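Data first, discussion second: the structure below is written as structure tokens.
The values are calculated or read from the model by the stated rules, or taken from the named source; none is laboratory data. Given the structure is predicted, the values throughout are model-derived calculations rather than measurements. Cβ atoms come from the backbone with ideal geometry, glycine included; neighbour counts cover every protein chain shown. Only protein heavy atoms, including side chains, enter the accessible area calculation; ligands, DNA and RNA are left aside. Shrake-Rupley method; radii C 1.70, N 1.55, O 1.52, S 1.80 Å.
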Amino acid sequence: MAVVIRQTNIIWILFVACSGVIDITMAHQKDSVEVDDSKASNKGTNPSALNTSVNVSSNLKRRKSRGNSKANQHIFYPSNTSSASQTLGSFDIFDLTFVSLLHEIQAIVLSSWRIKWELLVFFSPFFFVLLAFVAFLLWNGSVVLGAKEAHAVSPHFAQIMYFSIVSALFAAPLHFTIGHALDLFQSFWKNRLLGFLLLFLASIASLLSVHFFSIAHPYLLADNRHYTFYLWRKIIKFHWSMKYLLVPFYVYSWFSIFRLLGKTRRRIWTLVYFFATSAVLIPAPLIEFRYYTIPFYFFILHTSINDSRSWLLIGILYTVLNAFTMTMFLFRPFHWDHEPWVQRFIW
């Protein structure tokens with residue numbers, strides 16, 4: 001049903017499937033480690049082994065050593081339990097090294113291969129949805145229904161920049177606090193070389209995105225009922241330099257998102273989330289907040305918000321935002337000269 005309503009939801013269907021594969025394979029990896037540790041413990045505490053000759057004792061030691069080395073070969077990353085949250089609480093966004101990601105990918109691939117038939121059965125509904133979507137693409141010739149020319153796929157890389165700052169603003173009590181800023185800075189300072197490198201690469205990518213891949217869709221420029229019309233004209237196009245001055249806020253917002261997700265999720269999950277968000281937003285030439293809804297919901301659902309103060313501030317923020325929206329919609333109507341009907345402000 002989600003794909004029928006909006007075709008790009010196929011990306012989120014695949015994202016949910018990938019998230020499930022990650023959780024299942026890591027849980028299987030944990031079980032394998034516990035079994036190996038139990039076997040090694042039993043071998044090391046066998047009463048009969050303590051009464052045998054020196055040669056047998058030596059053989060048991062060698063077997064125990066092999067058992068321990070076998071257990072050490074398994075790479076385990078904790079799941080989303082309370083103990084896992086404590087372990088992942090020390091996660092450093094600037095520790096997204098290539099080697100660390102390779103370790104997680106290796107663990108997932110190896111575990112997936114061991115339980116491939118179980119995964120195939122468990123995720124078969126997702127596979128059928130994917131096949132139906134492929135059949136739709138072959139029949140329709142495009143992912144777009146309706147006005148295909150107006151919604152043609154475009155390399156709109158600036159879209160993920162807009163999403164980052166909008167998501168940060170809609171969860172401002174989480175991102176824009178002194179404590180969180182200091183935490184982000186300490187995470188950056190802990191590994192300065194890698195931190196500066198990631199900051200430099202992210203800034204360059206953001207500058208290139210807003211310079212070469214900022215798209216002003218005709219609908220955005222023509223429809224003054226949407227708030228994006230005014231945000232584009234009054235902020236982004238206020239001055240030619242404005243889109244470049246916003247780059248530090250884009251970069252901070254993405255690093256803040258990664259930091260918050262990194263406290264509860266694994267590196268590979270955060271990376272898959274970023275790729276899924278990019279796959280949905282980059283091809284969309286039109287700037288609309290409704291495109292950001294699903295990735296924002298996933299971000300909030302997978303962010304650990306433990307203090308009531310943050311929830312209270314977010315509740316107040318949304319109450320004020322909804323009151324403003326309803327006030328503008330109900331009490332500030334206007335007319336277009338070329339149409340007789342009343343027009344209203346909407347998101």
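Worth pointing out:
- With respect to the conditions (1) surrounded by 14 or more Cβ atoms within 10 Å (Cβ to Cβ); (2) modelled with pLDDT of 85 or more, residue 101 falls short on a single one, namely (2).
- Set side by side, the residues 188, 229 differ, and just one is farther than 26 Å from residue 346 by Cα, assigned by the TED database to the domain that holds residue 296 and open to solvent by less than 50 Å² (accessible area, probe 1.4 Å), which is 188.
- Checking each residue in region 155-198 for being closer than 15 Å to residue 214 by Cβ and of a type in the set (S, T, N, Q) picks out 159, 164.
- Among the residues of region 201-218, those identified as farther than 13 Å from residue 287 by Cβ and surrounded by 14 or more Cβ atoms within 10 Å (Cβ to Cβ) are 202, 203, 205, 206, 207, 209.
- Among residues of region 270-288 that are in contact (Cβ under 8 Å) with a residue 40 or more places away in the chain and outside any helix (DSSP H, G or I), those with a beta-carbon under 6 Å from a residue that is open to solvent by 20 Å² or more (accessible area, probe 1.4 Å) and among the hydrophobic types (A, V, I, L, M, F, W, C) at least six positions away or on a different chain give the pairs 282/157; 283/153; 285/215.
- Index of the failed condition, residue 135 passing every other in (1) free of Cβ contacts under 8 Å to residues at least 60 places away in the same chain; (2) open to solvent by less than 50 Å² (accessible area, probe 1.4 Å); (3) out of contact with any Lys or Arg (no Cβ under 7 Å at 6 or more places or on another chain): (2)
- Given (1) within 27 Å of residue 320 (Cβ to Cβ); (2) in contact with a Ser or Thr (Cβ under 9 Å, 6 or more places away or on another chain), index of the condition residue 267 fails: (1)
- Residue within region 249-268 that is modelled with pLDDT of 95 or more, surrounded by fewer than 17 Cβ atoms within 10 Å (Cβ to Cβ) and within 28 Å of residue 177 (Cα to Cα) present: yes
- Which listed residue is within 18 Å of residue 2 (Cα to Cα) and either in contact with a helix residue (DSSP H, G or I) (Cβ under 8 Å, 6 or more places away or on another chain) or polar (S, T, N, Q) (or both), from 261, 281, 286, 271: 281
- Exactly one residue out of 300, 294, 305 is surrounded by 14 or more Cβ atoms within 10 Å (Cβ to Cβ), under 25 Å from residue 223 (Cα atoms) and under 24 Å from the mean Cα position of the chain (by Cα): that is 294.
- Any pair with Cβ under 8 angstrom, 6 or more apart, that starts in region 204-232 at a residue that is part of a helix (DSSP H, G or I) and ends at one that is among the charged types (D, E, K, R) and crowded, with 18+ Cβ neighbours inside 10 Å: 210/243; 211/243
- Test for residue 157: is it within 17 Å of the chain's Cα centre (by Cα), open to solvent by less than 40 Å² (accessible area, probe 1.4 Å) and of a type in the set (Phe, Trp, Tyr): no
- Residue in region 177-200 that is under 15 Å from residue 255 (Cβ atoms), among the small types (Gly, Ala, Ser), touching a residue at least 40 places away in the same chain (Cβ under 8 Å) and assigned to a helix (DSSP H, G or I) present: yes
- Test: residue in region 336-345 that is in contact with a Leu (Cβ under 9 Å, 6 or more places away or on another chain) and touching a residue at least 24 places away in the same chain (Cβ under 8 Å): yes
- Filter result for the condition that a residue is more than 22 Å from the chain's Cα centre (by Cα) and among the charged types (D, E, K, R), over 263, 243: 243
- Out of 208, 221, 193, 182, one residue alone is within 19 Å of residue 303 (Cβ to Cβ), assigned by the TED database to the domain that holds residue 296, over 19 Å from the mean Cα position of the chain (by Cα) and aliphatic (A, V, I, L, M). It is 182.
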